[in-house]
Amino acid sequence: MTTPNWNLALQDLPTRCDVLVVGAGPSGSACAKLLAEAGKQVVLVDAQAFPRDKVCGDGLVPDTHAALQRLGLLDAVLERARAAKTAHCVAPSGGAIDVPGALAVLPRRELDAILCAAAVKASAVMAAPVRFDAPLRHASGRVTGALLSQSGQTRAVQAHWLVLASGAAPATLLAAGVCERRTPSSMALRAYVRHTGTSLNSLHFVWHASLHGGYGWVFPGPGHSFNIGVGVMASAREAAGSNGKRPQNLRSLFETFVEVDPLARQLWRDGEHLSELKGAPLRCDLDGSLWTTPGLLVVGDAAGATYSFTGEGIGKAMETGIAAAECLIAGGDDPAIAAAYTTRLHALKPRFDMYRKAASFNRHPWLLSLLVWRAKGSPRMIARFADILGERRMPGTLLSWRGVRALFRG
Ligand SMILES: Cc1cc2nc3c(=O)[nH]c(=O)nc-3n(C[C@H](O)[C@H](O)[C@H](O)COP(=O)(O)OP(=O)(O)OC[C@H]3O[C@@H](n4cnc5c(N)ncnc54)[C@H](O)[C@@H]3O)c2cc1C
């Protein structure tokens, strides 16, 4: 494959375009690709030169497959990814269930490169490393582009629309005046190891009482590599602090995980360590920022498009990027585009609400154990979980307090 022309210099950017997309992660690249294919003049910028690493579990769950299919990139991704058959969910009691689904693992360095290259191939003009510093505004307050910078140089790029796809760090949201909450919803941390003697055909999720409201994972990647990590909701950290306990330090949570989970322990102890432990924030629940202001749409993690409880957000990042592109392609005046995009995000809300409720279960380990215990003997419940994972049905009440009460009634 020839190297895509994705690291243009700031001065090579046009001073005008139809849509300026800030951030070339899954949300930004998905959005840029569709817009460029529809004939829009798209400028895509990222603060990091490509290809770049992104701290992530690298797990591709069914919504990611669906979004990649929509983008015409599923085969290219699956060719390089490691496929998995089930989500193996271990409850605090040690009981486990296997939920089948279309699952795979591909390091983000590769996944994001495929997406970004596709956007550039579709004729988006990409410059990196280039930072978004501030929006340009009309006297009315409407956003009309952005001030960008590279190594002390700045350039104003006028755009009919600005799409913020800048991920979970709040700086860009603050600069654009759309940040409603600085703190992330959650923090997570991961490392890569290689271990040739272990074979794993599932995404391994662990909820354990000693992870105090957090969760751990082991995901098998290509070439005998494994992504091992832990995550914790900010609310669980705060709750620990308000109870007089020290809020969990992510590194010590990771150490606990590799002690209590036999698979993680074996890989961490005997495997070849391929990377440092690295952490990053997540923004969840479609919450914490405005989704749109005149001339501006916010997509992906920047819009809170990552699920609580599991920390999965790549699929929804692409979905929101796709939604933004489709709304811009459909066109209309500012209110019409904003309303169309808001409607698309509202349609996703019930799923986000379910994962938010499920995350509250983290503080009640016995409840998770009960749920897994009930599901273990029930192919019907496993099928329901598979339908939820595959997004073939709305969540209903299964992962809610009402659902739990129903479990007690049998
Ligand atoms: C440890 C961890 C594990 C996770 N595991 C999974 C998982 O297994 N599966 C899953 O589906 N999700 C997972 N997630 C969530 C997933 O990483 C995010 O949902 C996803 O990356 C969001 O994509 P995005 O395009 O919105 O943002 P990002 O992928 O974060 O991309 C944002 C881009 O914007 C750029 N940027 C930021 N600020 C600026 C600026 N001022 N100017 C220019 N560019 C800028 C950044 O350089 C970056 O490239 C995990 C997250 C973490 C932290």
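Read-outs throughout are calculated quantities, based only on the coordinates presented, and are distinct from any laboratory measurement. Being a predicted model, the structure only gives us computed values, none of them experimental. Positions of Cβ are backbone-derived with ideal geometry, glycine not excepted, and every protein chain shown enters the neighbour counts.
So how compact is region 249-290: Cα radius of gyration and Dmax in angstrom?
Reported Rg and Dmax, both Å: 14.6, 46.
Tell me the mean residue ellipticity at 222 nm calculated for the chain from its helices only (DSSP H runs of n ≥ 4, each -39500 (n - 2.57), averaged over every residue, nearest 500). Spell out each step's value before the answer.
Numbers: 13 runs with 155 residues, N = 410.
One gets -11500 deg cm²/dmol as the mean residue ellipticity at 222 nm.
What is the angle, in °, between the Cα long axis of helix 314-330 and the longest principal axis of the Cα atoms in the chain? Nearest 10 is fine, range 0 to 90.
Between the helix axis and the principal axis of the chain, the angle is about 30 degrees.
Starting with the fewest neighbours, write out His208, His364, His138 ranked by other beta-carbon atoms found within 10 Å of each beta-carbon. All intermediate terms of the calculation are to be shown ahead of the outcome.
Numbers: His208 21, His364 14, His138 11.
Starting with the residue having the fewest Cβ neighbours, the order is His138, His364, His208.
With the dipole of region 70-131 worked out from charges on the C-beta (+1 for Lys and Arg, -1 for Asp and Glu) around the Cα centre, which of Val130, Pro92, Ala76 lies farthest toward the positive end?
Value: Val130.
Could you tell me what percent of the DSSP beta bridges with both partners in the chain are antiparallel, to the nearest 5? Intermediate results must be reported in sequence, preceding the final value.
Values: 51 of 74 bridges.
Around 70 percent antiparallel, to the nearest 5.
Under 21 Å from the Cα of Lys85, which lysines turn up, not counting those fewer than eight places away in the same chain?
The qualifying lysines are Lys316, Lys376.
With a/c under 1.5 counting as rounded, go ahead and sort region 1-130 into rounded, prolate or oblate using the C-alpha gyration tensor (a ≥ b ≥ c being the square roots of the eigenvalues; past the cut-off, prolate if a/b is larger than b/c, else oblate). Walk me through the intermediate numbers first.
Values: a/c = 2.69, a/b = 2.24, b/c = 1.20.
Since a/c reaches 1.5 and a/b is larger than b/c, the shape of region 1-130 is classed as prolate.
Rounded, prolate or oblate: which fits region 261-410 when a ≥ b ≥ c are the square roots of the eigenvalues of the alpha-carbon gyration tensor, with rounded for a/c under 1.5 and prolate only if a/b beats b/c?
Details: a/c = 2.55, a/b = 1.42, b/c = 1.79.
Note, shape of region 261-410 comes out oblate.
Enter the per residue convex hull volume of region 119-168, computed from alpha-carbon coordinates, in Å³ rounded to the nearest integer.
Numbers: hull volume 5.3 nm³, N = 50.
Hull volume normalised by residue count: 105 Å³.
Using modelled amide H (1.01 Å from N, peptide plane; none on Pro or chain starts), what sits under 5 Å from the amide H of Arg16, excluding residues fewer than 5 places away?
Residues meeting the amide H criterion: Gln158.
Whole-Hz Karplus ³J(HN,Hα) for region 36-43, in order, using 6.51 cos²θ - 1.76 cosθ + 1.60 and θ = phi - 60°, x for Gly and Pro?
Values per residue, Gly and Pro as x: 5, 4, 7, x, 6, 7, 10, 10 Hz.
Considering only the other residues whose Cβ falls under 15 Å of the Cβ of Cys116, what net charge follows from Lys and Arg at +1 and Asp and Glu at -1?
Values: positive: Lys33, Arg52, Lys54, Arg80, Arg108, Arg109, Lys121; negative: Glu37, Asp46, Asp53, Glu110, Asp112.
Spelling it out: positives minus negatives among the neighbours equals +2.
Mind listing the phi-derived Karplus ³J(HN,Hα) values for region 52-59, rounded to whole Hz, using 6.51, -1.76 and 1.60 with θ = phi - 60°, and x for any glycine or proline?
Here the 3J(HN,Hα) series is 10, 7, 9, 5, 6, x, 6, x Hz.
Give the range of the longest stretch in the chain that excludes all trypsin sites (Lys or Arg not before Pro) found in loop regions by DSSP and having at most 12 other beta-carbon atoms within 10 Å. Before the final figure, lay out each step's value.
Working: sites that count: Arg182, Lys245, Arg392, Arg393.
Segment 1-181 is the longest.
Under a point-charge model restricted to the Cβ atoms of Lys and Arg (+1) and Asp and Glu (-1), what is the dipole moment magnitude of the chain relative to its Cα centre, in debye to the nearest 20?
1040
Considering all alpha-carbon pairs of region 132-215, what whole percent are spaced by more than 18 angstrom? Walk me through the numbers before you get to the answer.
Working: 2236 of 3486 pairs.
Here the tail beyond 18 Å accounts for 64 percent of pairs.
Over all distinct alpha-carbon pairs, what is the Kirkwood Rh of region 15-60 in angstrom?
Values: mean 1/r = 0.0859 Å⁻¹.
About 11.6 Å, per the Kirkwood formula over Cα pairs.
When the Karplus curve 6.51 cos²θ - 1.76 cosθ + 1.60 is applied with θ = phi - 60°, which whole-Hz ³J(HN,Hα) does each residue of region 124-138 get, with x for Gly and Pro?
Per-residue couplings from phi come out as 5, 8, 10, 10, 6, x, 9, 9, 7, 9, 6, x, 8, 10, 6 Hz.
For region 346-364 and region 198-236, compute the distance between their C-alpha centroids and round to whole Å.
Centre-to-centre distance over Cα atoms comes out at 19 Å.
Could you work out how much longer the chain between Thr342 and Arg402 gets when fully extended? Use 0.36 nm per residue separation minus the Cα distance between them, nm to one decimal.
18.7 nm
For a footprinting-style exposure proxy, rank Glu319, Glu259, Glu37 by other Cβ within 10 Å, fewest first.
Numbers: Glu319 25, Glu259 14, Glu37 19.
Lowest count first: Glu259, Glu37, Glu319.
Give the lysines reachable from Lys121 as a straight Cα distance under 20 Å; neighbours fewer than 8 places away on the same chain don't count.
By straight Cα distance, Lys121 reaches Lys33, Lys40.
If each residue's Cβ is checked for other Cβ atoms within 10 Å, how do Val120, Val298 rank with the fewest at the top?
On the way: Val120 23, Val298 29.
Placing the least packed residue first, the sequence is Val120, Val298.
For the chain, state the semi-axes of the equivalent ellipsoid (square roots of 5 times the eigenvalues of the alpha-carbon gyration tensor), sorted largest first and rounded to whole angstrom.
Working: eigenvalues 260, 106, 81 Å².
That gives 36, 23, 20 Å for the three semi-axes.
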